[in-house]
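A short worksheet on the structure shown next.
What follows draws every value from the coordinates through simple rules; no lab data is involved. Not measured: the values here are computed from a predicted model. Cβ sites come from the backbone with ideal geometry, for glycine too, and all protein chains shown count toward neighbours.
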Amino acid sequence: GQQVMQIPQYQHVQEGEDFTTYCNSSTTLSNIQWYKQRPGGHPVFLIQLVKSGEVKKQKRLTFQFGEAKKNSSLHITATQTTDVGTYFCAGTTTDSWGKFQFGAGTQVVVTP
Amino acid sequence: EAGVAQSPRYKIIEKRQSVAFWCNPISGHATLYWYQQILGQGPKLLIQFQNNGVVDDSQLPKDRFSAERLKGVDSTLKIQPAKLEDSAVYLCASSLSRGLGTEAFFGQGTRLTVV
């Protein structure tokens, strides 16, 4: 079955630094979503990518969907303490339409 | 716009007892999801409804878990009997539809502890 893997599992970042977290699928995805979960909170939708090679930006966050639609990345520049949380990717395939498989997430800790 | 409402927020029960969770999705959202999130893991889909019909329940342990969505609005998730490994946060989410471009809105979740 479809598996979504995220690396790294943990990311310790100095405030002001950049980092990237990666999401890899065992199968070709039709679209992928990214969510952020603050400590003690619930997942909050960030963005959805649909097209091969698609790149979307939200202020300091850059999301990319791979050409083969089997991987995605989230790059954060100039990390701030507000970026603390766990970032999840969730992918769906054409034969499981609307059923999103979540990765285990990347937990981000920011040190001032 | 009101968000997804869940109750209770916390529940502690003994193993072999039963428990029920309630979810009220965002008004007009046809799709409703129940997820189980064990500490340190990503949400795992238990069941997905489209209006009042089940779209996917392949990962629902049907010997002990049941869910319903009467009238295509509110939903309840029940566990009977509970096991220690059921300790987790149960998240309800809703979206406009199953189609492309529909984000899921999550509720605050119910934290279940089975002792």
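Note on the range B:23-67: Cα convex hull, mean projected area over all directions, 3.7 nm². If the reach is capped at under 17 angstrom between alpha carbons, list the lysines near residue B:78, excluding any in the same chain fewer than eight residues apart. The reachable lysines, counting only those whose Cα sits under 17 Å from residue B:78, are B:11, B:15, B:44, B:62. Residues whose amide H falls under 5 Å from that of residue B:87, counting only those 5 or more places apart or on a different chain, are B:114, with hydrogens built in the peptide plane. For the range A:7-111, the equivalent ellipsoid derived from the alpha-carbon gyration tensor has semi-axes of 23, 14, 11 Å in decreasing order. Taken along the Cα-to-beta-carbon direction at a fixed 7 Å, the label points for residue B:96 and residue B:5 span 2.4 nm. Could you compute how fast the range B:1-101 diffuses translationally, taking Rh as the Kirkwood radius over C-alpha pairs and applying Stokes-Einstein at 20 °C with viscosity 1.002 mPa s? Give it in µm² per second. In µm²/s, the coefficient rounds to 154. The mean number of partner chain beta-carbon atoms within 10 angstrom of a residue's beta-carbon across peptide B:55-65 is 1. Pairs of Lys residues in the range A:21-112 that lie 8 or more places apart, or on two chains, and have C-alpha atoms under 23 angstrom apart add up to 18.
The Rg/Rh ratio for the range A:48-90 is 1.00, where Rg is the radius of gyration of the alpha carbons and Rh is the Kirkwood radius.
The modelled label-to-label distance for the pair residue B:38/residue B:12, using points 7 Å beyond Cα in the direction of Cβ, is 2.2 nm. The mean number of partner chain beta-carbon atoms within 10 angstrom of a residue's beta-carbon across peptide B:35-47 is 4. Over the Cα atoms of the protein assembly as shown, the radius of gyration divided by the Kirkwood radius equals 0.97; this is the Rg/Rh ratio.
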